[in-house]
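Read-outs throughout are calculated quantities, based only on the coordinates presented, and are distinct from any laboratory measurement. Treat the numbers as computed from the prediction; the structure is a model and nothing was measured. Neighbour counts run over all protein chains shown; Cβ positions are idealised from the backbone, glycine included.
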Amino acid sequence: MIHQGNYMALDFGAESGRAIIVSLKDGKAELEEIHRFPNRPVLLGGTLHWDLPYLFNEILTSLKIARIREIPLDSIAVDTWGVDFGLLDCYGDLIGNPVHYRDSRTDDAKADSPMDDEEIFSETGALPWNIGSLFQLKSLKDNKPEQLLRTDAFLNTPDLFNYLLCGEKKSELTIASTSLMADCEGRWSGKILDSFEIPFIFSEIIKPGVVLSTLRSELEDLTGYKGLKVLTTCSHDTASVAAIVPERTGDTAFLSSGTWSILGKINDNALTGLQYLQNGFTNEASLDSWYLCRNITGLYPFQELKREWEHSSDPWDYGKMCREAASAVSKGFVDLEQSDFQSPGHMTEKINRYLAGLNGKREELTRGEAAKVLLDSLALEYAVNLENLEMLSGETIRTLFILGGGIKNTYLCQRTADLCGKRVIAGIDQGTALGNGLVQAYGLGHIGSAGEIRKIAADSFPMREYSPAFQEERKELINIYREMKEIKNENE
């Protein structure tokens with residue numbers, strides 16, 4: 001039986017945070033955003049930090065807003081991006097503001113790694129990025145060893161927020177799986193920690209949907225919420241999305257579409273064959289499964305294109321951009337994984353310059369043509385990676401579920417169906433927050449199973465289906481795109 005309840009989902013992204021009330025009523029979920037705030041890193045003494053005191057204060061502000069509105073809450077949980085962390089001393093005090101994964105401290109951290117990528121991947125199932133928690137700790141050990149000597153506890157970012165809320169030091173499974181230090185059984189890897197000579201400063205790894213405690217007494221007084229339960233959810237934001245993917249059959253995959261895109265496939269266990277590593281795939285844990293996934297440049301270049309024109313005499317909104325892209329003539333494609341397209345500013349000029357380098361002549365694109373180049377290129381990037389996923393899994397994908405803010409871009413959804421040659425089902429633009437809240441309900445016994453979570457998600461929000469068209473051009477365009485990427489890479 002499904003109970004009624006209200007659950008506050010604190011969803012932190014790299015650029016903003018949101019407090020969303022996930023409500024269960026009559027077997028369906030509703031979402032209401034009650035607070036949104038920017039998440040701006042701070043450069044202090046040459047190091048890029050997260051502004052943790054500010055972010056934690058925004059959590060308290062969210063609770064105060066809910067209290068003023070007299071919203072009865074059953075629980076609260078936090079999800080964030082992966083890899084970053086805070087360190088606590090023996091008194092439970094924070095040792096400095098957490099460092100941002102884009103800080104330069106890990107630029108060379110892999111240079112003298114005691115384990116190669118294949119060994120790390122085989123042990124953890126995770127792609128050995130230099131920004132991983134492991135290499136951040138290695139950089140600390142090499143450059144600021146006194147910080148590690150003072151450290152009593154390591155907590156990834158959502159676990160750190162939980163500690164500040166309720167006083168419990170625990171590590172949640174899905175966020176630990178991004179650290180490069182947890183093995184495929186959900187335990188801290190002694191092999192990796194010993195090889196890197198990292199002291200054991202880690203807390204017990206626990207599953208999503210566990211009641212940690214209630215708010216600290218001083219926070220109860222501050223917010224007015226007495227006895228409010230603090231839970232683990234799927235604390236890595238992508239894992240919260242994976243928890244609500246409606247179908248888990250072998251012929252389905254999912255795409256979390258936003259500023260970044262993550263293409264994934266649900267599996268019972270982590271897949272650690274070297275072929276996955278060689279193709280840029282990583283494994284991460286979710287509520288009752290693992291998922292094999294690949295990070296792909298998402299809508300960031302498109303968002304930058306909009307910013308470029310929003311102060312013009314004819315400002316764009318996303319709807320107008322999509323309509324102009326749909327009616328524009330194709331001018332070619334760009335490789336969105338090139339660093340130029342992942343940095344801010346001058347997006348039209350970057351597109352023009354890239355195409356001139358391919359074609360040997362420069363052409364000034366209209367706004368609609370520029371938007372079409374970006375969106376068609378992104379759909380082709382999805383198609384190439386989906387083909388790779390099919391090759392690696394040995395299974396033909398027939399349905400691609402798209403969740404996240406990208407579902408509002410109807411042109412991109414249709415082109416994804418066209419160029420992937422798959423049925424696309426798009427829905428739930430607030431997928432991370434929904435997954436966060438429903439896992440809380442599951443942890444409190446208000447939902448009976450992980451399968452019920454998926455059913456509630458599918459039943460609560462409309463899904464739009466896109467059927468593939470223009471199949472005669474699909475293979476040709478994919479081949480052109482692959483060749484374009486290869487030629488560009490060879491010339492660099």
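Here are a few things to note about the model shown:
- Between 0 and 90°, nearest 10: helix 133-143 axis offset from the chain longest Cα axis: 70 degrees
- Those aspartates and glutamates that a straight Cα-Cα span of less than 16 Å connects to Lys64, excepting residues fewer than 8 apart in one chain: Glu32, Glu33, Asp74, Glu218, Glu220, Asp221
- Secondary structure note: in the chain, about 70% of the DSSP beta bridges are antiparallel.
- The DSSP beta bridges internal to the stretch 5-237 are antiparallel in roughly 75% of cases.
- Per residue, the convex hull spanned by the Cα atoms of the stretch 1-66 amounts to 86 cubic angstrom.
- Charge sum, other residues only, whose C-beta stays under 15 Å from Ala326's C-beta, Lys/Arg counted +1 and Asp/Glu -1: +2
- Of the trypsin sites (Lys or Arg not before Pro) in the stretch 373-431, the ones in a loop by DSSP (not H, G, I, E or B) with at most 16 other beta carbons within 10 Å are Arg398.
- Residues Lys207, Lys229, sorted so that the one with the fewest Cβ neighbours within 10 Å comes first: Lys207, Lys229
- Applying the Kirkwood pairwise sum to the alpha-carbon positions of the stretch 343-461 produces a hydrodynamic radius of 17.2 angstrom.
- Taken over the stretch 1-111, the ratio of Cα radius of gyration to 2.2 N^0.38 Å equals 1.31.
- Computed Kirkwood radius, in angstrom, where 1/r is averaged over Cα pairs of the stretch 340-387: 11.6 Å
- Radius 13 Å from Cβ of Asn283, net charge of other residues (Lys, Arg +1; Asp, Glu -1): -3
- Projected area averaged over orientations for the stretch 51-161, convex hull of C-alpha atoms, nm²: 8.9 nm²
- Take the Cα of Asn359, step 7 Å toward its Cβ, do the same at Glu15, and the gap between the two points is 2.8 nm.
- The GluC sites (Glu not before Pro) found in the stretch 44-149 that occupy coil by DSSP, while having at most 13 further C-beta atoms within 10 Å, are Glu70.
- Residue pairs, from the table Lys138/Lys350; Lys372/Lys475; Lys422/Lys455; Lys25/Lys229; Lys138/Lys191; Lys207/Lys422, whose Cα atoms sit over 26 Å apart: Lys138/Lys350; Lys207/Lys422
- The angle between the Cα long axis of helix 471-490 and the longest principal axis of the Cα atoms of the chain comes to about 80 degrees, rounded to the nearest 10.
- Once the Cα atoms are used to define both axes, helix 410-420 deviates from the longest principal axis of the chain by about 70 degrees.
- Approximate spin-label separation Glu310-Val329, in nm, with each point projected 7 Å along Cα-to-Cβ: 3.2 nm
- Longest segment of the chain lacking chymotrypsin sites (Phe, Trp or Tyr not before Pro) that sit in a DSSP loop with at most 14 other Cβ atoms within 10 Å: 201-469
- The stretch 318-398: GluC sites (Glu not before Pro) falling in loop per DSSP and having at most 13 other Cβ within 10 Å: Glu363, Glu364
- Compared with the alpha-carbon gap, the fully stretched path from Glu168 to Leu48 is longer by 40.5 nm at 0.36 nm per residue.
- Taking the square roots of 5 times each eigenvalue of the Cα gyration tensor of the chain, largest first, gives ellipsoid semi-axes of 36, 27, 23 Å.
- The stretch 125-170 - Debye-derived log10 I(q)/I(0), Cα point model, q = 0.16, 0.19, 0.30 Å⁻¹: -0.57, -0.75, -1.01
- Look at the dipole of the stretch 5-237 built from charges on Cβ: of Asn39, Trp129, Ser23, the Cα furthest out on the positive end belongs to Ser23.
- Considering only Asn57, Gln275, Thr223, the residue lying farthest towards the positive end of the dipole of the chain is Thr223, judged by Cα position with unit charges set on Cβ.
- Taken over the stretch 5-237, the percentage of Cα pairs per 5 Å bin, counting from 0 up to the bin with the maximum distance, is 1, 6, 14, 18, 19, 16, 11, 7, 5, 2, 0, 0.
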